[in-house]
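Report on the following structure.
No value in this document is a laboratory result; all are computed from the given coordinates. Quick caveat: nothing in here was measured; it's all calculated off a predicted structure. All Cβ positions, glycine included, derive from the backbone under ideal geometry; neighbour counts span all protein chains shown.
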Amino acid sequence: MYFMAIMIFLLGIIFISLGRLSSDNVKDISELLADEKNIQETKGSLQVIEIRGTRHSFECDCELIFTNHNGKEFSYRKIYFIFNSKASFLWECENKGKVSVTIIYDKHLPSKHFVKELEPLEVSKNSRIVYPIIGVLFILFAIFKIVVNLK
């Protein structure tokens, strides 16, 4: 019984950590958008390579290709998760090959970029609130299980 309570407690800590990670994503994207001198918006293409999704999890391997303001082409392979991207958009793109998307990037550091259609800022804002709440509920449930077991 204590083993289950410890596992539930650890699960709560993991959810709180996911909330912290989402909060960091919001901070990074907000900083990128606030720097109007160095921000660029361009068209590019997104190709979904593989989606690994179940009822409770989602991972998507994608290839992102875009050309910067100097005409140099960049290609990135990224893994998107449920807590940093809009999964419904990626599901729609699954068997369509290369899909046209809008990329917002730092013109001095193109590796700092995000896909506008995936709405990472909105998704991360929601995740930074929801995941810690779920984590606290798991921790409270674990404490409740231990207290009930002691009586």
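Taking Cα atoms only, the orientation of helix 2-34 departs from the longest principal axis of the chain by about 30 degrees.
The Rg/Rh ratio of region 90-144, with both radii computed over alpha carbons and Rh defined as the Kirkwood radius, is 1.22.
Rounded to the nearest 0.05, what FRET efficiency do Leu33 and Val136 have when you use their Cβ-Cβ distance and R0 = 25 Å? Write out the running numbers ahead of the final one.
Values: r = 30 Å, r/R0 = 1.19.
The value I calculate is 0.25.
For the chain, the spread of Cα positions along the three principal axes, ordered from largest to smallest, is 70, 36, 18 Å.
What's the extension gain from Val147 to Ile79 if we count 0.36 nm per residue and subtract their Cα-Cα distance? Numbers along the way, then the final one.
Working: separation 68, 0.36 × 68 = 24.48 nm, distance 4.10 nm.
Computed gain between Val147 and Ile79 is 20.4 nm.
By a straight-distance test (C-alpha under 26 Å), which lysines pair with Lys145 as possible cross-link partners, with residues fewer than eight away in the same chain excluded? Counting by Cα, and skipping residues close in sequence, Lys145 has no lysines nearby.
Over the chain, DSSP H runs of length four or greater, each weighted -39,500 (n - 2.57), average out per residue to a 222 nm ellipticity of -16500 deg cm²/dmol.
What is the local net charge at Trp91, summed over the other residues whose Cβ is closer than 15 Å to its Cβ (Lys, Arg +1; Asp, Glu -1)? Overall, the nearby charge balance is -3.
Which listed residue (Phe138, Gln40, Val115) has the Cα farthest towards the positive end of the charge dipole for region 2-150, taking +1 on Lys and Arg C-beta and -1 on Asp and Glu C-beta about the Cα centre? Sorting the options by dipole projection puts first Phe138.
With a cut-off of 9 Å between beta carbons, the residues surrounding Arg77 carry a summed charge of -1, where Lys and Arg count +1 and Asp and Glu -1. Footprinting exposure proxy ranking of Phe74, Phe138, fewest other C-beta atoms within 10 angstrom first, gives Phe74, Phe138. The ranking of Ser22, Ser17, Ser100 by Cβ neighbour count inside 10 Å, starting from the fewest, reads Ser100, Ser17, Ser22. In this structure, the residue pairs whose Cα-Cα separation is over 30 Å, taken from Lys37/Lys96; Lys37/Lys86; Lys37/Lys116; Lys78/Lys107, are Lys37/Lys96.
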